[in-house]
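**Student:** Quick one: the structure is below, and I'll ask about it shortly.
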Amino acid sequence: MKSSVFLCLTLCVAIHAHDDEVHYDFAHCTFEALPGSHICFRKENAGVQATINILGLTPHLDYKMHVHKGTASTGCPDVGPHYNLPETPEDEGDLGSFSSDGNGLVFKCGLQLHDNLSLDSTNPIIGKSVAIHIEEHRKICCNIEASTEEKNKGFMKNDGSPDSTLNCPE
């Protein structure tokens, strides 16, 4: 299986309809407060994989990321609690803990989301949000939106030019 890289700044993806339902193969989440920062989500077999590209964080600091139930329409306080399924002891919305490098970059390719989550069917993440936590406080948030077209051209630098150093390995 090959890893795909896709552009998420204005990324969109393949949509297919079946039985009057619309299904999405891709989604994205753009952090407006950190230009060039985003998370791309891709349907992979029965699950969802994410590629995280966050720029402009404080260097050498630990961060946690979670999917939250609400949206960040008016900021991080409105995203609500973690997106966890009722009556399970697991933290399904946990995307993990990450340390920024010396340049304030967090890059993770092929992160597998919890098996119980999907893009748009059972337990969908589309319409939810992602929060970056620093010391248990939500600091930076974005909304997860469906995409309509895949762009396998890699990630972009802050100036909008392609950055091949951030491509996922094939």
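Computed from the coordinates by the stated procedures, all read-outs in this text should not be read as laboratory data. Owing to the predicted nature of the structure, the values given are computational and were not obtained by experimental measurement. Note that each Cβ is placed from the backbone with ideal geometry, even for glycine, and that neighbours are counted across all protein chains shown.
**Student:** Can you tell me, using C-alpha contacts under 8 Å and at least 6 residues apart, the relative contact order of the range 15-154 as a whole percent?
**Tutor:** Result for the range 15-154 is 31 percent.
**Student:** While we're on this one: Using the Kirkwood radius over Cα pairs, work out the Stokes-Einstein diffusion coefficient for the range 15-154 at 37 °C and 0.692 mPa s, in µm²/s as a whole number.
**Tutor:** D = 214 µm²/s.
**Student:** On to the next question. Nearest 20 debye, what's the magnitude of the dipole of the range 15-154 about its Cα centre given +1 on Lys and Arg Cβ and -1 on Asp and Glu Cβ?
**Tutor:** With only Lys, Arg, Asp and Glu charged at Cβ, the dipole is about 540 debye.
**Student:** So how do Ser118, Ser97 line up by other beta-carbon neighbours within 10 Å, fewest first?
**Tutor:** With the sparsest Cβ surroundings first, the list reads Ser97, Ser118.
**Student:** Taking the number of other C-beta atoms within 10 Å as the exposure measure, put Val106, Val67 in order starting with the fewest.
**Tutor:** Sorted ascending by nearby Cβ count, the order is Val106, Val67.
**Student:** Number of Lys pairs in the range 15-154 with C-alpha atoms less than 19 angstrom apart, excluding same-chain neighbours closer than eight positions?
**Tutor:** Qualifying lysine pairs in the range 15-154: 12.
**Student:** In what order do Glu135, Glu87 fall by count of nearby beta-carbon atoms within 10 Å, going from fewest to most?
**Tutor:** By the 10 Å Cβ count, ascending, the order reads Glu87, Glu135.
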